[in-house]
Amino acid sequence: MRVAVTGATGMVGTQMAAAAIAHGHEVVAVTRDPGPPVPVTGGATVARRVAPLTDPDALRRAFAGCDAVVHCAAVYAFGAARAQEVGRVNVEGTTSVVHAAADAGLDRVVVTSSSVTRGSSLLPVARTEDDRLGDEPAPAYYASKVAQEEAALAAGRVHGIPVVLALPTVVLGGPFTRLAPSNAIVLRYLLDPTRSTFPGGCNVVDARDVGAGHVVLLERGEPGERYLLGGEDVTWRTLHTLVSELAGLPGPFAELPAASAWGIAAVTEWWASLTEQQPLSTRDEASTVGRHYWYSSAKAHELGYAARPAREAVAASLAWLAVSRDLPRWAREGLRLHPDVRSARALVPAPLGDAPEGADAPEPGAAGSAARGPAPGAAGSVRPRPRRSPPAWPRRPR
Ligand SMILES: NC(=O)c1ccc[n+]([C@@H]2O[C@H](COP(=O)([O-])OP(=O)(O)OC[C@H]3O[C@@H](n4cnc5c(N)ncnc54)[C@H](OP(=O)(O)O)[C@@H]3O)[C@@H](O)[C@H]2O)c1
C-alpha cells in the first residue's frame with residue numbers, strides 16, 4: 001500500500017518508513033518543512049510532501065492518493081518550558097491528522113502513542129494494554145499522550161476511519177539528529193562522573209523493532225485497539241550495567257535514592273538556564289524515577305511483532321551517541337566500545353570540522369547523514385559548539 005508517514009524525519013518515523021519499504025510498501029513523508037526527499041535507513045529516500053499539523057486542508061492534500069497514514073510526528077520532550085507545545089502538537093495535531101485522513105479517503109490511521117499511557121508500578125511487574133495511567137507523577141508529555149489517544153479514537157469514531165494505537169516503550173538507537181529523552185538516558189549515565197544508578201526501571205526497545213512493529217499494526221492491527229511495542233524489562237541497575245559493559249566504562253558504583261534524581265535534575269535545569277542550553281534532565285522526568293515502567297508486548301507478539309534483547313538496543317544507542325555532537329569530546333575519548341556496538345551500525349569515520357549534527361559518521365542514506373542541525377530548543381539537545389579539530393574515534397577495548 002502507499003503509506004503517508006508524519007514525523008518521517010524523526011527516529012521512530014525513519015525506522016517505520018524503512019520497515020514499510022522493506023515490506024513492499026510505498027512511503028510518502030509528510031513533513032512540516034520543505035526539503036529534498038527524506039533519507040531513511042538502508043540507503044533509500046522517500047518523496048516529501050509538506051503540511052503543517054495545524055492545517056487539515058494541507059494534510060488532506062498531502063495524504064491524497066495514499067491508503068493509510070502512520071502518524072509518528074509529535075513533540076517528545078520534558079520540562080515546564082515545553083509543556084504547552086507538547087499538549088498542542090501531540091493532541092490537536094493528531095485530531096487534524098485523523099480528520100484529514102478521513103477526508104482524503106484513507107483506509108486506516110496508525111497513531112504513535114506511548115507505553116506511558118498505561119502507567120507504571122512500584123513493584124517490578126509488567127503492565128498491559130488494559131492498565132491505565134493512575135495518580136503517579138505524570139509529566140505533561142505523559143498527559144499529552146493520554147489525551148492524544150483519546151483524541152485519535154474519538155476523531156476516528158466521528159469521521160468513520162479505523163484508528164490503531166502503537167505504544168512504544170523507551171526507544172533506543174537511531175537515526176537521530178536531535179537527541180530524544182530516551183537516548184538521553186544512556187547519555188546521562190555516560191556523562192555522570194559518579195556513575196550512579198537508581199531504583200525502579202523501564203522497558204527498552206530498539207528503534208528498528210519499533211519501526212517494524214508499526215508495519216505489523218499497519219497491516220494487521222485491530223481498529224480501536226492499543227498495542228504495546230516493547231523489548232525487555234530492565235531495572236535501572238541492569239540498564240546502566242549494560243551501558244558500562246558496552247561502553248567499556250566501570251560502574252555503576254552506587255544506587256542512589258529515587259529523590260536524588262529529582263535533586264540532580266533541579267541543579268541541571270538551573271545550570272542550563274544560566275548557560276542557555278536545553279537541560280539533559282528535568283524535574284518532571286526525574287519524578288518518575290523509582291517506579292517500574294515495565295510492559296508486556298504479548299498482544300503485539302500475537303500479530304507477529306518481535307523485538308531484540310535490551311543489550312542490542314543499548315548497543316545501537318551507543319553506536320549513534322558515540323558519533324553524535326551531544327557527546328562531548330572528553331567523554332567520547334574515554335569510551336572503549338565493545339565490538340557489539342561497532343557491529344550495531346555501519347560506522348564510517350569522517351572528519352567533523354564544523355559539520356552539522358548527524359553528519360559525523362554518515363550511514364549511507366541514513367537520516368543521520370542529512371545536512372541539518374538540531375532544532376532550536378529541541379529536547380535534550382545542546383547548542384552547536386564550534387569544533388577545533390575532528391574528534392578521535394572511541395578506542396577499541398583493550
Ligand atoms: N523515542 C521514544 O523513546 C518514544 C517512546 C514512546 C513513544 N514515542 C513516540 O514516538 C513518536 C516519534 O518520536 P521520536 O522518538 O521519533 O521523536 P523525534 O526523533 O523527536 O521525532 C519527532 C518527529 O516529529 C516531528 N515534529 C515534531 N514537532 C512537530 C510539529 N510541530 N509539526 C510537525 N512535525 C513535528 C519532527 O519533525 P522535524 O524533523 O521537522 O522536527 C520529527 O519528524 C512520538 O509520538 C513519540 O511520542 C517515542
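Observations on the model:
- Across segment 95-179 the C-alpha pair distances fall into 5 Å bins from zero in the proportions 3, 13, 21, 19, 16, 15, 9, 3, 1, 0 percent.
- Dipole check for segment 2-369: with +1 at the C-beta of Lys and Arg, -1 at the C-beta of Asp and Glu, and the Cα centre as origin, the magnitude is about 340 Debye.
- Peptides 111-120, 98-107 ranked from most to least packed by the mean count of surrounding Cβ atoms within 10 Å: 111-120, 98-107.
- Its DSSP H runs of at least 4 residues, each contributing -39,500 (n - 2.57), put the calculated 222 nm mean residue ellipticity of the chain at -10500 deg cm²/dmol, to the nearest 500.
- Hydrodynamic radius of segment 2-369 by the Kirkwood approach over all distinct alpha-carbon pairs: 20.6 Å.
- Ser343-Trp270 pseudo-label distance in nm [points 7 Å out on the Cα-to-Cβ vector]: 4.7
- Farthest towards the positive end of the charge dipole of the chain, among the residues Val210, Ala126, Ile161, is the Cα of Val210, using unit charges on the Cβ of Lys, Arg, Asp and Glu.
- Full-extension gain in nm, Ala80 to Ala154, via 0.36 nm per residue minus C-alpha separation: 23.9 nm
- Per-selection metrics, segment 244-300 (Cα): Rg and Dmax in Å: 15.3, 46
- Gap separating the Cα centres of segment 50-78 and segment 164-198, nearest whole Å: 26
- Normalised contact order of the chain, rounded percent, pairs of Cα under 8 Å and 6 or more residues apart: 18
Laboratory data are not the source of any read-out in this text; all were calculated from the coordinates shown. Treat the numbers as computed from the prediction; the structure is a model and nothing was measured. Note that we place each Cβ from the backbone using ideal geometry, even for glycine, and neighbour counts take in every protein chain shown.
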